[in-house]
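To start, the structure itself, in structure tokens.
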Amino acid sequence: MHKHRWRSALVAGVLGFSLLLSACGGTSPSAQTGPGETPAPAEPKTVSIAQTTSPSGNFCPGVTTSAYDSDIGGLIFESMLRLTPDLAYEPNMADYTLDEQNLSLKFTLKDGITFSDGTPLTTQDVLATFYFIMDPKFPGPQQSNYESLKGAKKYFDTLKDLNARLPGEDEEANKQIKNPITQEEWNKLAYQAFEEWKQAGAIEVLNDKEIVFHFDEVYAPALAAIGGAAIYSKKALDALQDVANAGAEDLCRKPIGTGPYVLKQFQPDQFTELTANPNYFRGAPNIETIIFKVVNQDAMVGLFTSGEVDALGVGASAVNPKDQPLIVQQMPDVQTWELPDFGYQFMWLNLRNPIFQDVKVRQAMMYAIDRQGIVDELLDGHGAVQSTIFAQASWANPEGLNTYPYDPEKAKQLLDEAGWLPDSDGVRAKVINGKKYRLEFTFVYPGGSSNPVRQRSAPLIQDYLAKVGIKATPEAMDFNTYISKILNKPGAKIEIDAGLLGWSLSVEPDPTGLFEADAPYNFSGWSPETVGKSIYDRSMELTKEGLLTFDQAKRKQIYQELGAIYNEYLPYIFLYTQTSIIDFNPKVKNVNRDIRGPTQNVHEWDIVQ
């Protein structure tokens, strides 16, 4: 699992590909053969996995912003290290050593590993991968994970300065730019800085098997950030026409990886078909074909119990807890288990909007929504109320925070104290800097039927807020359109007021990349201007401090304070975390059941009828 992945309901299409459905029921018992007859060849083994949202077709982990693409890309690409059942890192494609000062991380690639096109894996592929990630035009959101690499801070500071000088879509903001530059000037200066960073010696190739990463300071998530990154083929990277558009090029659309499966075909809103990589370094997979079928979640139970789909709850495609009793009733021998989820659901608020900048308004919204009621009613108790940015399954999750129990009277009191008083129609209003504002906004959620729990929560949230004088109107939007409108890109103007989304996080709790003022995922606009300089600066200081030690007890203490800041000042209205329910057809054997998820050992899956 990679650094940050969306746990979001993308648009779910109704699967209507009957030939595919009929071809995905798995193997059948072979017919008896008589004397002298040639046995019929065994049918290829196939497993079909329900996917409640169509991926975009960008299957590069770290480039895509969609968990649905990453669920598939995770079977195509591999990393140098992998997680153990106790969530430590162990060798995967490489062995590793840290020096005594924890400032140099050396990897030694294992022998016999090839990409799916037959090209051997070497350190040139690893080097090319990280040069791709560090490229000024890299389209993914996670460059900030590598700021501790030798010379990287100076390089990133240069990029931030150049981005600040490049005019964007917001004409008013453009007027405030000092020393603006053209795109051509940006290209020249940014790539000049990139070449200077390369010369700093952050990445040292010793030979075809050994490579060393050097850091300016101790970086606690180094194993996750470096060892956990998907490794790309240098050959594929060299063929890129435009790094900024990598997600639309063959690198991600026709991916070449070292993983157990290879992309065979992708049909948007219908299915993605993978075929086994016979040269996979852990051994050829037993299952020849894996198909991720895009299904309407309302039809999932019928498709699963009829055998047309073999697995539910894999990756980001959650099972509706309300459906589980029916699944067990209709398939008594179903393989089912639950896992804690490294993620949570939330309503993000655009803090650039004056109506959200008073923290009492945000706190009032937390008290106004019966979040425990949502867990009880919509999740059937398969979850818990969320109160800060850390996953509840994480060792870093703080204790003793304000849980904001449902208290509409407390919400009204906070709004009164903040000067937001009922208007003639009951909606609260206030004059700010000579202009009248009303606590009235639209909040967006991903459309379709892929996440019925979240979608059913939208009108409940609307009703809860209305009871305290806040008019919030839900609006469904195509997921990819939604995300394109809220990513915090240089020069972009985010016009959506608020929205429902969710995070699926890695086991490494470092929140870098979520709340820095210029971070792509900081769609709430957490910044000195929106929450105050002292609060923002302290949150950034603690985020940095959490990276500077490998001592987990010290990190937990740091994250206790950091979690308390986000719990009090609320970049989001935290909602709930949902337990992951996983269901497999009993014919599918050897499926991993620990917290790493079922695809951890996908090459070992088998079918026994």
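Every read-out reported here was derived from the displayed coordinates using simple, explicitly stated rules and does not represent laboratory data. None of the values given here were measured: they were computed from a predicted structure. Cβ coordinates were reconstructed from backbone atoms using ideal geometry, including for glycine residues, and neighbour counts include every protein chain displayed.
What is the sum of charges, Lys and Arg at +1 and Asp and Glu at -1, for the other residues whose Cβ falls under 12 Å from the Cβ of P139? It would help to have the intermediate numbers written out before the result.
Working: positive: K137, K489; negative: D135, D242, E249.
So the environment of P139 carries a net charge of -1.
Rg and Dmax of the range 410-549, both derived from C-alpha coordinates alone, stand at 17.6, 56 Å.
Provide the net charge surrounding F441, with neighbours chosen by a C-beta distance below 10 Å and charges set as Lys +1, Arg +1, Asp -1, Glu -1. The partial results should precede the final answer.
On the way: positive: R438, K471; negative: E440, D497.
Within the 10 Å Cβ shell, the charges total 0.
In percent, rounded to a whole number, the relative contact order of the range 81-238 is 34, using alpha-carbon pairs under 8 Å and six or more apart.
By the rule of a C-alpha distance below 16 Å, with chain neighbours fewer than 8 residues away ignored, the lysines paired with K430 are K360, K412, K471.
Annotation: lysines with alpha-carbon distance below 18 angstrom to K254 (same-chain offsets under eight excluded): K234, K235, K264. Beta bridges from DSSP with both residues in the chain: antiparallel share about 80 percent, rounded to the nearest 5.
Neighbours of A94 by Cβ distance under 13 Å: Lys/Arg scored +1, Asp/Glu scored -1, total -3.
Among Y191, Y96, Y344, a tally of other beta-carbon atoms within 10 Å of each Cβ gives an order, fewest to most, of Y191, Y96, Y344. Of all aspartates and glutamates in the structure, the ones whose alpha carbon falls short of 20 Å from that of K410, not counting any fewer than 8 places away in one chain, are D358, D370, D423, E440, D463, E568.
Quote the relative contact order of the chain in percent (integer), defining contacts as alpha-carbon pairs under 8 Å separated by 6+ residues.
On the way: 1278 pairs, mean separation 135.0, N = 609.
Across the chain, relative contact order equals 22 percent.
Relative contact order of the range 343-578: 35 percent, from C-alpha pairs under 8 Å at least 6 residues apart in sequence. Dividing the summed -39500 (n - 2.57) terms of all DSSP H runs of n ≥ 4 by the residue count of the chain sets its mean residue ellipticity at 222 nm at -8000 deg cm²/dmol.
Summarised as an ellipsoid, the range 343-578 has semi-axes of 27, 21, 19 Å, derived from the eigenvalues of the Cα gyration tensor scaled by 5 and square-rooted, with the largest first.
When its C-alpha radius of gyration is set against 2.2 N^0.38 Å (N residues), the range 326-423 gives a value of 1.42.
What percentage of all Cα-Cα pairs in the range 514-578 are separated by more than 13 Å?
66 percent
Out of all Cα-Cα pairs in the chain, roughly what percent, to the nearest whole number, are more than 34 Å apart? So the portion of pairs separated by more than 34 Å is 44 percent.
Mean silhouette area of the range 81-238, derived from the convex hull of its C-alpha atoms and averaged over all directions, reads 11.6 nm². What the Cα atoms of the range 294-369 give is an Rg and a Dmax of 18.9, 55 Å.
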